[in-house]
Structure formats: C-alpha cells, structure tokens
1. Which shape class, rounded, prolate or oblate, goes with region 51-122 when its Cα gyration tensor gives a ≥ b ≥ c as root eigenvalues, a/c under 1.5 marks rounded, and past that a/b bigger than b/c marks prolate?
2. Arrange the peptides 70-79, 39-48 so that the one whose residues have, on average, the most other Cβ atoms within 10 Å appears first.
3. Using the Cα gyration tensor of region 81-122, with a ≥ b ≥ c the square roots of its eigenvalues, what is the shape: rounded (a/c below 1.5), prolate (a/b larger than b/c) or oblate (neither)?
4. Which label marks the calculated value of P(r) over Cα pairs in 10 Å bins from 0, in percent, given the options (i) 14, 41, 26, 14, 5, 0; (ii) 11, 35, 29, 17, 7, 1; (iii) 12, 47, 35, 6, 0?
5. Where does the chain land at 222 nm, in deg cm²/dmol rounded to the nearest 500, when only DSSP H runs of n ≥ 4 count, each adding -39500 (n - 2.57), divided by all residues?
6. With springs only between Cα atoms under 10 Å apart, run a GNM on the chain and tell me which of 61, 69, 37 wobbles the most.
7. How far, in nm, would the chain grow between residue 57 and residue 71 when pulled straight, counting 0.36 nm per residue and subtracting the alpha carbon separation?
C-alpha cells in the first residue's frame, strides 16, 4: 500500500454484559474512519474529512478480526474521495463507506520534510 490507500484492523470483543453478537456501529465507523485517515493523509498533505456516508451491512461476531481498507477513488488539488470497506475473515462486508476529504495547504512534519517535486505532484 502507498499514498491513497489505508488499512487498519481490530479484534472484535464482547464484554460479559453484551449480547453474543457484537458490532456497535460506532466501532465499525471508527475502524473505517481510521483507514480513511491513513489513506487521505498518506501523501503528506494535511487532509480533513468533509463527509462520510456509511452503509452498515452486518454485525461483527465476537472473536472476529475486522479489517478496514480505504482506496482512493479520485483526487484533485483540494478534494479526494475514498471507498472504505470493513470486512471479517469470512469475507462478509460489515460496512462500506464513501468518504470525502478536503486537502489543505499544510504538510505533516512541515513543508521542508517533503521534496519540492513530491509537493508539486501531490
């Protein structure tokens, strides 16, 4: 993976006071958001989320490892969009999202940390 892509994972767990089928939407969203953040900030330019639309397809079962992957759909100087999918080892999608980021003029680690050619390209 490189700039424009992001991934993250989490082990779904259940507290003793929860039902056997866990998967609060907030946890799925947080995992998708983490992958989105890695993808949209991967070029070094500071990017902030503008919009996220999520479809929750299935709950996560306790004990499953959930994996989120964000893939860049399009990128311009100011706006980029990403498709984010969260799934488990069984291959079933738990949620999918379309996320949009605003790309600022600021650079992570300062502008000096990035070669001029890279900054011009991204």
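1. Prolate.
2. Output ranking for 70-79, 39-48: 39-48, 70-79.
3. Verdict is prolate for region 81-122.
4. Read-out from the structure maps to (i).
5. -6000 deg cm²/dmol
6. 61
7. 3.2 nm
No value in this document is a laboratory result; all are computed from the given coordinates. Since the structure is predicted, the reported quantities are computational estimates derived from the model, not experimental observations. With ideal geometry, Cβ positions are generated from the backbone for all residues, glycine too; neighbour counts draw on all protein chains shown.
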